[in-house]
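Here's the structure, in structure tokens; my notes come after.
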Amino acid sequence: MSDRSDLIITGKEFAFDAERDAEFERLIKRYPTRESMILPALWLTQEQEGWISVEAMAYIADRIGTFAAKVYEAATFYTMFNLKPMGKYHIAVCRTLSCWLREKQEIVDYLAKEVGVVPGKMTDDGKFSLEEVECLGHCGTAPVIQLNGEFHEEMDVDKLKALLATLE
Ligand code: FES
């Protein structure tokens with residue numbers, strides 16, 4: 001998670017399942033060039049697998065008809081794309097200025113102390129993973145976290161405790 005050039009080769013072929021395949025075909029008709037589909041295809045992959053392997057990048061490049069390097073560039077540039085398996089509950093904490101000024105570190109420290117997960121890691125039971133990410137685009141309601149991609153704003157330790165208590 002923290003080293004975004006450290007990719008995983010699974011040794012297994014990747015392909016979209018029927019639902020994502022249909023969505024890919026639906027979306028690609030809407031874009032002016034096939035390369036515009038790189039980001040949507042990465043999202044579809046992450047939705048299906050939870051993360052993006054080297055094989056998945058190669059598959060996307062083939063489906064789109066572009067170079068794997070272009071898919072790699074996009075996948076490694078945007079921190080919202082997971083490049084390794086994540087916990088059942090993946091928490092992304094914004095570390096950029098507004099969230100930093102509004103005590104995002106208290107959230108990170110709580111997760112380390114009480115949940116046992118630190119940035120870039122997953123708990124041994126695979127339940128939680130944590131990542132610090134760049135601005136999530138909701139700076140006016142900092143500090144902001146995402147739990148499995150869902151936004152939680154004006155977060156503090158009490159709200160985080162309540163949120164974690166709702167998880168199985
Ligand atoms: S600085 Fe955290 S959402 Fe923008």
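The values are calculated or read from the model by the stated rules, or taken from the named source; none is laboratory data. As the structure is a prediction and not an experimental result, all values here were calculated from the model. Because the Cβ atoms are built from the backbone with ideal geometry, glycine has one as well, and the counts that use them run over all protein chains shown. For the accessible areas, the whole protein counts, side chains as well, though only heavy atoms, and no ligand, DNA or RNA atoms are used. Shrake-Rupley method; radii C 1.70, N 1.55, O 1.52, S 1.80 Å.
Each 10 Å bin from zero holds the following percent of Cα-Cα pairs in segment 1-63: 21, 54, 22, 3. Contact order, relative form, for the chain: 20 percent (alpha carbon pairs under 8 Å, 6 or more residues apart, mean separation divided by residue count).
Taking the 0 to 90 degree range and rounding to the nearest ten, how far is the long axis of helix 18-28 tilted relative to the main principal axis of the chain, both from C-alpha atoms? So the helix axis and the longest Cα principal axis differ by about 80 degrees. In the chain, what cysteines have no partner Cβ closer than 4.7 Å? Those would be C135, C139, since no other cysteine Cβ in the chain comes under 4.7 Å of theirs.
Students often get this wrong, so check it: of K12/K104; K70/K159; K84/K161; K29/K127; K70/K113; K84/K113, which have C-alpha atoms separated by over 30 Å? Can you show the working numbers first?
Numbers: K12/K104 38 Å; K70/K159 40 Å; K84/K161 26 Å; K29/K127 38 Å; K70/K113 39 Å; K84/K113 23 Å.
In this structure, K12/K104; K70/K159; K29/K127; K70/K113 lie more than 30 Å apart at Cα.
Per residue, the average separation of C-alpha pairs within less than 8 Å and at least 6 apart gives segment 89-165 a relative contact order of 38 percent. Distance between the C-alpha centers of segment 137-168 and segment 44-98? Whole Å please. Here the answer is 22 Å between Cα centres. Calculated accessible area for segment 89-165 comes out at 53 Å² per residue, all protein chains present (probe 1.4 Å; ligands, DNA, RNA ignored). Loop-located trypsin sites (Lys or Arg not before Pro) across segment 1-98 with a Cβ neighbour count of 10 or fewer within 10 Å are K12, K29, R30, with loop assigned by DSSP.
Within segment 56-127, the GluC sites (Glu not before Pro) that combine a DSSP coil assignment with at most 16 other C-beta atoms in a 10 angstrom radius are E103. Label-to-label distance for E103 and I9 is 4.8 nm, based on points extended 7 Å past Cα in the beta-carbon direction. Tell me the mean residue ellipticity at 222 nm calculated for the chain from its helices only (DSSP H runs of n ≥ 4, each -39500 (n - 2.57), averaged over every residue, nearest 500). Rounded to the nearest 500, the figure is -11000 deg cm²/dmol.
Please list 47-53, 120-126 highest first by mean number of surrounding beta-carbon atoms within 10 Å per residue.
Details: 47-53: 18.7, 120-126: 13.6.
Sorting 47-53, 120-126 by mean packing, highest first, produces 47-53, 120-126.
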